[in-house]
Amino acid sequence: RCAPLNDVGGPRLDITWLRHASALTQPLCQQHLRSGKLAGFYVDARQAPWSEHFKMRRYIEEELPSLVGKSFPVDMSRQGITGHSMGGHGALTIAFKNPDQYKSVSAFAPIAAPMRCPWGDKALPRYLGPDRETWRAYDATELLARMPDAKARPRLLVDVGLADQFLGLQLNIDTLEQACAAAGYPLTLRRHAGYDHGYYFISTFMADHLRHHAAMLGE
């Protein structure tokens with residue numbers, strides 16, 4: 001089973017995943033960026049008005065897997081996670097925090113270092129408060145810096161388009177690459193000329209990610 005974060009897919013995804021006899025789940029996404037709606041950043045909020053009910057990390061880590069395990073005949077001991085953009089940030093941070101739960105991880109154009117980009121500067125204090133120490137649990141590069149077993153983790157696959165309009169200011173892919181190298185985390189990073197941040201980039205390379213997860217999960 002693999003949980004993709006953010007709206008990624010198309011017919012090719014369904015056919016390839018069926019070929020590997022795996023289950024695929026994904027949250028329903030709205031087509032606009034707004035705090036508390038699509039821009040949840042996969043955090044457990046600590047600030048009002050979000051803190052009472054807004055537990056997006058807990059939903060992905062606990063509630064969704066429990067629901068899937070109770071509803072479908074799947075092997076919950078073999079889970080993977082992937083995502084695009086903000087969903088890629090969620091996939092990385094959730095996988096890094098839960099190595100016993102997620103045996104495979106990949107991302108498309110992830111927001112790799114939200115503590116170092118305008119999107120993160122806007123979202124993280126809104127949900128978590130002004131203390132930047134609390135933000136570190138939601139930044140993949142910060143988690144890598146404190147990961148003692150990085151070399152033993154499953155290989156991470158990341159794809160990004162070189163024509164991505166957010167590549168320089170928001171995504172910090174080079175920072176992720178440097179953090180993986182410093183920690184010894186196994187990384188396959190592919191940079192693709194001519195691809196932007198959109199649907200066709202994801203749909204072109206999604207089958208590669210499905211095969212990556214199938215191999216890591218031991219189909």
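Any read-out appearing in this document is the output of simple, stated calculations on the displayed coordinates, not a laboratory observation. Given the structure is predicted, the values throughout are model-derived calculations rather than measurements. Neighbour counts are summed over all protein chains in view; Cβ atoms, including those assigned to glycine, are modelled from backbone coordinates with ideal geometry.
S71 versus E177, label points 7 Å from Cα toward the beta carbon: distance in nm?
Placing both labels 7 Å beyond Cα along the Cβ direction yields 3.9 nm.
From a point 7 Å beyond the Cα of Q101 in the direction of its Cβ, which residues of the stretch 178-207 have a backbone N at a distance under 19 Å?
Under cut-off, by backbone N: nothing.
In whole Hz, what ³J(HN,Hα) sequence does the stretch 193-200 give by Karplus (6.51, -1.76, 1.60; θ = phi - 60°), x for Gly and Pro?
Values per residue, Gly and Pro as x: 5, x, 9, 9, 8, x, 4, 5 Hz.
Compute the whole-percent fraction of alpha carbon pairs in the stretch 70-219 spaced more than 23 Å apart.
Cα-Cα pairs of the stretch 70-219 separated by over 23 Å account for 35 percent.
What list do you get for R136, R153 if you sort them by fewest beta carbons within 10 Å? Please list the in-between numbers first.
Working: R136 15, R153 21.
Listed from fewest to most nearby Cβ atoms, that is R136, R153.
So which lysines can K70 reach, going by Cα to Cα under 23 Å and dropping same-chain residues fewer than 8 places off?
Answer for K70, where 23 Å is the Cα cut-off: K55, K103, listed by chain and number.
Sort K55, K122 by Cβ crowding within 10 Å, fewest neighbours at the top.
With the sparsest Cβ surroundings first, the list reads K122, K55.
Calculate, in nm to one decimal, what A48 and A152 gain on full extension: separation in residues at 0.36 nm each, minus their alpha carbon distance.
This chain segment gains 33.6 nm when fully extended.
Could you line up V158, V105, V68 from fewest to most neighbouring Cβ atoms inside 10 Å?
V68, V158, V105
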